[in-house]
Structures are given as structure tokens and as C-alpha cells.
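Values in this text are rule-based calculations from the coordinates and carry no lab data. Quantities reported herein were computed from a predicted structural model and do not represent experimental measurements. Backbone-built Cβ (ideal geometry, glycine too); neighbour counts: all protein chains shown.
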Amino acid sequence: MSSEPTSEVERLPLPDPVLTSRIVAVLPDVPASDLFAPLEVMVQEKVTVFSLPSSDVERFRTMTTVFGARATFGIHGVLDPAGSEELIAAGMAFCLPVAASAQLLSALRQAGIPAAPDALTPTEVRAAWAAGADAVQVVPADMGGTSYPERLAELAPGVACLPRGGLGSFAMRQWLKAGAVAVCMDDTLVGDACEGGTLPALRERCRSVRGVVTDLQN
């Protein structure tokens, strides 16, 4: 499991901020007004790559307008190929699609948007990679336990993996050590900050996960 391809398939590169920060904050499906303060805290703490739910293109436009100069935004969730044109036109930097059709993946590729379709088992991960995925979203990543990152690296070598789902700092460290290009963090990072939770707690969580990345880089 790494960013080195195992075939001659031509893949779109993930955005540089994803590869350098190694953290993607997966945001909940809440109104844009509930995202402003939490995102400001996260950006201040150098968590600057975000994935928004695919359900609201206006929310995406709002967040990219406000934070686009300081942050990178992608989309996650189930996307209808026929209804994805607005999101593509809105300028998503990457896509974490669920149950993506070949038609959707083709549209994203034609638009120059790297996509990481979802998979879980080694067989599914290898199949997605062999089909030409730019990366593979391993979800729910917490199902395999703490040994799964290393085992997946052995059973799906060379695959650019983006684990997502229920990952805390320890699991994040295991995935990055095993070669994941980045880790997609949802509730364990964002918590309830977008739903009235305390922002100081969010700030501490950001510092904790950033500390893991810094430690692995040293």
C-alpha cells in the first residue's frame, strides 16, 4: 500500500495539500452556517483539507468562497452521475464517492478530478485499483482492527489508500506507517464541533492528529 502504481494505468494525482498534510477532515451534513467557526479553528491549526457531503452544492460554493484561499475542498458520498455536473463545475479538488458508477468515475476523470472509490477487503481494493482508480477509499477502515493496515499493505501492494471511518490518533498512525497516502477523519476529529460542541476541544484534537503527522515526518 503506497502511492507507487503497480501498473501502467494513467492516474490523476491527488492534490498536493492532501499528500503533504496527510489529513482529510470529513465534514458532517449540516448547514453552512454551522461550519464557519469549526473550519476557522481547523484552518488555524493547519488542518486545511476538507471533504463536504455531496448533498448541497450551494454549501460547497459557500465554503470554497469563504475558505478557498486557505483550504482545499473535496466531496464525499453518493453522487448521481446525472446530477454531478454542478459539483464538478463548482470546482471540487477531489472526490470520495460511495458506490460510484463507471459513468461517474469517467465524468470525474474527464473533468480532471481525482477520485477514490470505496472498497474494504483486499480483493475489493485490488479490483478498484486495477480498474484505474486514482486512489482507493478504504471504508469503514475501523472494521479490520489495528493490524489491518499492515495486512492490507501486504495483500494489496502498491495501492494508494485513503482509509476513512472511525480512526483515532493511534489507528491513524498505523495507517500512515503502513503507507496510506492520507487519512480521512470524521467524528474522531470533527466530533460535535459542527453541532454546538466546544471549539477548544476541536482545537486539541487537531493538534493531536497534526502531532502524529509531524512525528512520522521526523
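Data table
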{"read-out": "Binned Cα-Cα distances of the chain, short to long, each 5 Å bin given as a whole percent", "value": "1, 7, 17, 20, 21, 17, 11, 5, 1, 0"}
{"read-out": "Whole-number D in µm² s⁻¹ for the range 1-89, Kirkwood Cα-pair radius fed into Stokes-Einstein, 20 °C, 1.002 mPa s", "value": "149 µm²/s"}
{"read-out": "Part-to-part distance (alpha-carbon centres) for the range 156-208 and the range 111-136, which is given in Å", "value": "20 Å"}
{"read-out": "Kirkwood estimate for the range 92-179, i.e. one over the average of 1/r between Cα atoms, Å", "value": "13.1 Å"}
{"read-out": "Candidates Pro157, Pro17, Pro200, ranked by Gaussian network fluctuation over the chain, Cα under 10 Å, top entry", "value": "Pro200"}
{"read-out": "Rough spin-label spacing in nm, given labels placed 7 Å along Cα→Cβ, for Glu10 and Val30", "value": "4.3 nm"}
{"read-out": "Cβ crowding within 10 Å averaged over residues, with 52-62, 71-81, 140-150 ranked highest first", "value": "71-81, 52-62, 140-150"}
{"read-out": "Amide proton proximity set for Leu162, modelled H, under 5 Å, gap of 5+", "value": "Val136, Gln137, Val138"}
